[in-house]
Amino acid sequence: MVIEQELSIREKSIVFIGFMGVGKTTVAKLVAKKLYRDFIDIDQEIEKEFQMPITQIFDQLGEKKFREKERKYVLHYCKQPLKVISLGGGAFMQEEIREACLKHSIVFYLDISWESWKERLHMLVDSRPVLQNKSIQDIHSLFNERKTFYEEHNSRLLTDDYNPEEVADYIIDSLKLAWELYD
Ligand code: S3P
């Protein structure tokens, strides 16, 4: 029998979720630096393993293979102490990933309004296979569907009016409060 030792709230890793292009990687990197923790980007781990960019992984190996690897890496890292982890925007669609992250880590949902997000679409489409060959209506539906899954989180921030530095500072302040209150 494997007995998993529950991590204290201070030791738990911090996991960032949210739609593509919201700024999870940028914010996670800043938070990791400010807290002197390791930064892990799940997409980068998968790219390293296959030695190819995400678009090529989707093209040559298929989305199913990508999702399997995504699950493997998230389940591994979310249980480790003291990491700051950025998840791909589709990872939280997998129930096993949601359950593991909510059990073992602290999940921050970086939210953005559709109006603000739309402005970023042109910068994202080439590197995000999930957005390719879709109409704006299809993408809007995907945006709304995903929101339902992101609703399962520990803390949420609407990022529309803040830059990454401000978002990172807000998150660190709220973490410090939680550590003081619940540790
Ligand atoms: C995906 C989001 C991407 C990447 C892949 C699939 C998705 O990550 O994992 O292209 O399904 O939403 P970002 O959220 O970092 O763009």
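Of all the residues in region 135-183, those that are under 17 Å from Gly88 (Cβ atoms) and among the charged types (D, E, K, R) number 4. When Val74 is tested against (1) outside any helix (DSSP H, G or I); (2) surrounded by 14 or more Cβ atoms within 10 Å (Cβ to Cβ), exactly one condition is not met: (1).
The set of residues in region 6-18 that are buried (at least 24 other Cβ atoms within 10 Å of the Cβ) and either within 7 Å of the ligand (Cβ to nearest atom) or among the aliphatic types (A, V, I, L, M) (or both) comprises Ile14, Val15, Ile17.
For region 24-34, a residue qualifies if it is in contact with a strand residue (DSSP E or B) (Cβ under 6 Å, 6 or more places away or on another chain) and more than 9 Å from the ligand (Cβ to nearest atom), and the qualifying residues are Ala28, Lys29, Val31, Ala32. Of all positions in region 65-73, none carries a residue that is in contact (Cβ under 8 Å) with a residue 60 or more places away in the chain and in contact with a helix residue (DSSP H, G or I) (Cβ under 9 Å, 6 or more places away or on another chain).
Looking at region 35-51, which of the residues that are more than 9 Å from the ligand (Cβ to nearest atom) and closer than 21 Å to Gly21 by Cβ is surrounded by the most Cβ atoms within 10 Å (Cβ to Cβ)?
First, pick out the residues of region 35-51 that are more than 9 Å from the ligand (Cβ to nearest atom): 35-40, 44-45, 47-51.
Remaining after also requiring closer than 21 Å to Gly21 by Cβ: 39-40, 44-45, 47.
Details: Phe39: 17, Ile40: 22, Gln44: 14, Glu45: 17, Glu47: 16.
Among those residues, the one meeting the criterion is Ile40.
Checking each residue of region 4-25 against the condition of being assigned to a helix (DSSP H, G or I) and free of Cβ contacts under 8 Å to residues at least 24 places away in the same chain gives no match.
Here, each number is a calculation from the coordinates, and none is a lab measurement. All of these numbers come straight from a predicted model, not from anything done at the bench. So basically every Cβ, Gly included, is an ideal-geometry build from the backbone, and we count neighbours across all protein chains shown.
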